[in-house]
Amino acid sequence: MNAFTAALADGAVVAERNLIKIKRLPDLLVFTTVQPVMFVLLFAYVFGGAIDVPGVDYREFLMAGIFVQTVAFGSTITGTGLADDLQKGIIDRFRSLPMSRAAVLVGRTTSDLVNNLIVVVVMSACGLLVGWRIREDVLSAAAGFALLLLFSYALSWISATIGLAVRSVEVVNNASFLWVFPLTFLSNAFVPLEGYAPWLRPVAEWNPVTAVIAAVRDFFGNVPPPGTPGLPPPSDAWPLQHPVIASLGWIALILAVFVPLAIRQYRRAATR
């Protein structure tokens, strides 16, 4: 068995261990699910009547942003889980076992991907209840959900790097908000980009979250049809002209940078 196969096999065992932990502590899954449902209800019923998006119902415009925000917040569980394992000495126990060094990170990110999948399913049901609909075919819808989960997996490696660097669950929680909040709110998640100040709009246009949201909206068909009265001219920013390619590029870049960083940080943390 080569190193890559061993890492996958051992990672599957670690992922199973993490999923069993969620089963024994269902409140973790409950609270990670309740928050995005609250966002859906608040934005749909509180802000839905105040924000006008030409050619598309605001609830349909909203859901892609809520989906991406949810998986972004859900990815922070990776960092808190690793920091908790470090504090409790579980990582030291793993090091004493004949297992791949990469298994802990592979297993942690994989189990959190499954957690995000469950949350997305619950959110989809909530979105359907408030009026959200998928206007494209099944394959396009599947592609939209796949892109969401792939993006969440990439963000989990950012969170893993932070969790291994600071080692304290409380600090990880605070540090996660420093990068998740700007990414999700400085985007097209809740309001069209046309409402941004001219100096701020380019930042939002090149935000990776903006590209993923735009791609997911296209896959779900939650975009205004061409020629809609009052529709502003489309952005000429490259990520919004090619949102799927831009999203995949951002995902590849995040993985290329943070997978090696997380592995190196794991080796350092495990020897401290």
Worksheet entry | Which of LEU105, LEU248, LEU164 has the fewest Cβ neighbours within 10 Å, and the rest in rising order | LEU248, LEU105, LEU164
Discussion item. Contact order normalised by length for the chain, with contacts defined as Cα pairs under 8 Å and 6 or more residues apart; what percent is it?
Written reply: 28 percent
Worksheet item: Expressed as an acute angle from 0 to 90° and rounded to the nearest 10, what is the orientation of the C-alpha long axis of helix 208-220 relative to the principal long axis of the chain?
Response: 60 degrees
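What value, in deg cm²/dmol to 500, does the helix sum -39500 (n - 2.57) over DSSP H runs of n ≥ 4 give at 222 nm once divided by the residues of the chain? Mind showing how you got there, number by number?
Working: 11 runs with 201 residues, N = 272.
The helix contribution divided over the chain gives -25000 deg cm²/dmol.
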Discussion item. What's the magnitude of the charge dipole for the chain around its Cα centre, counting Lys and Arg as +1 and Asp and Glu as -1 at the beta-carbon? Answer in Debye, nearest 20.
Written reply: 1160 debye
Worksheet entry | On Cα atoms only, tilt of 243-271 relative to the major axis of the chain in degrees | 20 degrees
Fill in: Selection from ALA142, PRO198, VAL30 lying farthest towards where the dipole of the range 3-271 points positive, charges on Cβ
VAL30
Worksheet, complete the sentence: So the angle from the long Cα axis of helix 26-42 to the longest Cα principal axis of the chain, reported in degrees to the nearest 10, equals 10 degrees
Response to the item:
What one gets for the chain as the Kirkwood radius, inverse of mean 1/r over different Cα pairs in Å, is 19.5 Å
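Computed from the coordinates by the stated procedures, all read-outs in this text should not be read as laboratory data. Quick caveat: nothing in here was measured; it's all calculated off a predicted structure. Reconstructed Cβ throughout: ideal geometry from the backbone, glycine too, with neighbour counts over all protein chains shown.
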